[in-house]
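The values are calculated or read from the model by the stated rules, or taken from the named source; none is laboratory data. On a predicted model such as this, the values are computed, not experimentally measured, just so you know. Please note: Cβ atoms are built from the backbone with ideal geometry, for glycine as well, and neighbour counts cover all protein chains shown.
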Amino acid sequence: MKPFAVILAFFALFGGGLPAAERKPNVLFIAMDDLNDWIGCLGGHPQTKTPNLDRLAASGVLFRNAYCPAASCNPSRTAIFSGLPPHRSGLYRNQQTMREVLPQAELLPRYFSRHGYWSAGSGKLLHYVIDPPSWDDYFPDKAKNDPFPRTFYPKERPVSLPRGGPWQYVETDWAALEVTDEEFGGDWLVTEWICEQLSREHEKPFFLACGIYRPHEPWFVPKAYFEPFPLESIQLPLGYLETDLDDVPAEGQRIARNRYFEHIKKHGQWKKGIQAYLASIHFADAMLGRVLDALEKSPQRDHTIVVLWSDHGWHLGEKEHWQKFTGWRVGTRVPLIIRVPEGAPGLPEGTRAAGVCDRAVSLVDLFGTLTELCGLPPNPDITKRSLTPLLSNPKADWPHAALTHLDNPQNYAISTEHWRYLHYHDGAEELYDIASDPHEWENLASQPEHAGKLSEMRTLASDSMAPRPETKAP
Ligand SMILES: [Ca+2]
Ligand SMILES: [Ca+2]
């Protein structure tokens, strides 16, 4: 046998440059966009259909109190990929440009590459950019710095929701499309490329990130995904209460009443919007299913850590709000599922199937979690916190709170397992006992019997708050 044939045979046998026992685990890092708790295993809406999210959760650990570092795409994703929360990075808003605020930050894929991995991504992972130097490979071509592949859009728009004025985001619209998944493109193409990477041999362990864009607006998906949700059957959100804003401070009311919900109701579109969000989630779940199926068939199946997260939540009328950008639980609580195979350096026993963790955790700790699980040196520039103790024992002690920022640095939310606290820049506060009030209907901040809890929650805020530099529009 010629030398290169020996090498090829070696790769074929071990699936890479090192025997399995010495090879670091792969990471499959899956993002969903604007997905709240409307997934079967979190119970956020009784009609949602997410068999693939549910089967992934059943195979690993489901976090039921996971919170985003920020309640919008750019600061949340930047925090997750850099390991730096907004109060350390200064990136609090969608309108700030990541590389102007953080010119030097080494993001997760580059960190993994520097430690022996092949890093690749597809679809929306950062906020509408790829950040090419962070990746070894990308689909679409990273040189274009545009994370979106071909996607079908209706010619005439808006399709369903009339324009209310210049304040309205152009993509707030919904429709069942007369196309197949392949004709639709978008997430189908993103997941197709991810499946190809999972099915081939790799010389190095991989850090492979899959950015599924739905259920981000516009809620246009192939009509097959609307069919399980006939309009006449649609149920309103469980967390909706007509008088809910009565006990919310003025700044909270200002954030809540952003015109969308009023506009949507005025045009008789509330249930149509709910239907389209459910359909978009169902589509995103089906795209996830393709990736999970490819992993099942992959030679790397038993050597791959899987992490699934969403960047923040989403309101569909709760607290008179439609969209994101709020500190309430509906806007900040996210799906987080982690599955670790046996043999991972940081958790040799792997995760047990059907684990459920109720501790309050933040997605900003995924960086430290993954480096620990994979046996990489901890990144000295970020906190050392890792979720590994909870992956080992979901009921382990967890003294930490999760902090979520809004675009004003002094507007933030703090989550513990049973309590939530909201702080506004003018000093106004909200306090909720989510053990008895999971939808945060009764603000307890002004009730004397909860003064002790209020003081305690205040102490969990960060001691220092990075200022927010303004940058050119991204
Ligand atoms: Ca988002
Ligand atoms: Ca209320």
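For the range 2-25, the count of residues that are within 25 Å of VAL190 (Cα to Cα), out of contact with any Lys or Arg (no Cβ under 6 Å at 6 or more places or on another chain) and modelled with pLDDT under 95 is at least one.
Residue-by-condition table, conditions (1) within 13 Å of the chain's Cα centre (by Cα); (2) of a type in the set (A, V, I, L, M, F, W, C); (3) on the phi < 0 side of the Ramachandran plot:
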residue	(1), (2), (3)
ASP34	yes, no, no
GLY44	no, no, yes
LYS49	no, no, yes
ASN74	yes, no, yes
SER113	no, no, yes
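If the condition is being outside any helix (DSSP H, G or I) and either in contact with a Pro (Cβ under 7 Å, 6 or more places away or on another chain) or among the hydroxyl-bearing types (Ser, Thr, Tyr) (or both), then the range 175-197 contributes ALA175, LEU177, VAL179, THR180, GLY185, GLY186. For the range 55-72, a tally of residues being under 21 Å from LEU292 (Cβ atoms) and either of a type in the set (A, V, I, L, M, F, W, C) or under 16 Å from the mean Cα position of the chain (by Cα) (or both) returns 8. Step by step: first the residues of the range 201-255, then only those that are within 16 Å of ligand 1 (Cβ to nearest atom) and hydrophobic (A, V, I, L, M, F, W, C), then the one that is farthest from the chain's Cα centre (by Cα). Which residue is that? Out of the qualifying residues, it is TRP219. Figure legend. Inter-residue proximity from the range 242-268: first residues closer than 18 Å to TYR432 by Cβ, second residues more than 10 Å from ligand 2 (Cβ to nearest atom) and among the charged types (D, E, K, R), beta-carbon distance below 6 Å, spacing 6+ or different chains. Indicated pairs: LEU245/GLU320; GLU251/ASP426; ALA256/GLU320. Selection of the range 230-247 for residues being surrounded by fewer than 21 Cβ atoms within 10 Å (Cβ to Cβ) and assigned to a loop (DSSP other than H, G, I, E, B) yields PRO230, ILE234, GLN235, LEU236, PRO237, LEU238, TYR240, LEU241, GLU242, THR243. Among the residues of the range 287-294, is there at least one that is touching a Phe, Trp or Tyr at 6+ places or on another chain (Cβ under 9 Å) and within 16 Å of ligand 2 (Cβ to nearest atom)? Checking the range 287-294: not a single residue is touching a Phe, Trp or Tyr at 6+ places or on another chain (Cβ under 9 Å) and within 16 Å of ligand 2 (Cβ to nearest atom). Taking only the range 134-147 into account, find how many residues are surrounded by 12 or more Cβ atoms within 10 Å (Cβ to Cβ), more than 15 Å from TYR117 (Cβ to Cβ) and of a type outside the set (A, V, I, L, M, F, W, C). Number satisfying all stated conditions: 6.
Filtered by the rule that a residue be exposed (fewer than 13 other Cβ atoms within 10 Å of the Cβ) and either part of a helix (DSSP H, G or I) or touching a residue at least 40 places away in the same chain (Cβ under 8 Å) (or both), the range 444-455 gives PRO448, GLU449, GLY452, SER455. Using the structure shown, decide if SER415 is surrounded by fewer than 20 Cβ atoms within 10 Å (Cβ to Cβ), more than 16 Å from ligand 1 (Cβ to nearest atom) and in contact (Cβ under 8 Å) with a residue 60 or more places away in the chain. Spelling it out, it is not the case that SER415 is surrounded by fewer than 20 Cβ atoms within 10 Å (Cβ to Cβ), more than 16 Å from ligand 1 (Cβ to nearest atom) and in contact (Cβ under 8 Å) with a residue 60 or more places away in the chain. Among the residues of the range 420-442, those that are assigned to a loop (DSSP other than H, G, I, E, B), away from ligand 2 (no atom under 11 Å from the Cβ) and hydrophobic (A, V, I, L, M, F, W, C) comprise ALA428, ILE434, ALA435.
Residues are listed down the side, and each one gets a yes or a no for (1) hydrophobic (A, V, I, L, M, F, W, C); (2) crowded, with 24+ Cβ neighbours inside 10 Å; (3) without any contact (Cβ under 8 Å) to a residue 12 or more places away in the chain:
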site: ARG77; (1), (2), (3): no, yes, no
site: PHE81; (1), (2), (3): yes, yes, no
site: PRO85; (1), (2), (3): no, yes, no
site: GLN96; (1), (2), (3): no, yes, no
site: ALA105; (1), (2), (3): yes, no, no
site: PRO109; (1), (2), (3): no, yes, no
site: SER113; (1), (2), (3): no, no, no
site: TRP118; (1), (2), (3): yes, no, no
site: GLY121; (1), (2), (3): no, yes, no
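Elements of the type strands (runs of 3 or more DSSP E) sitting completely within the range 290-398 and holding at least 2 residues that are modelled with pLDDT of 95 or more and within 16 Å of ligand 1 (Cβ to nearest atom): these cover 304-310, 333-339.
Of all residues in the range 208-220, none satisfies being within 16 Å of ligand 2 (Cβ to nearest atom) and aliphatic (A, V, I, L, M).
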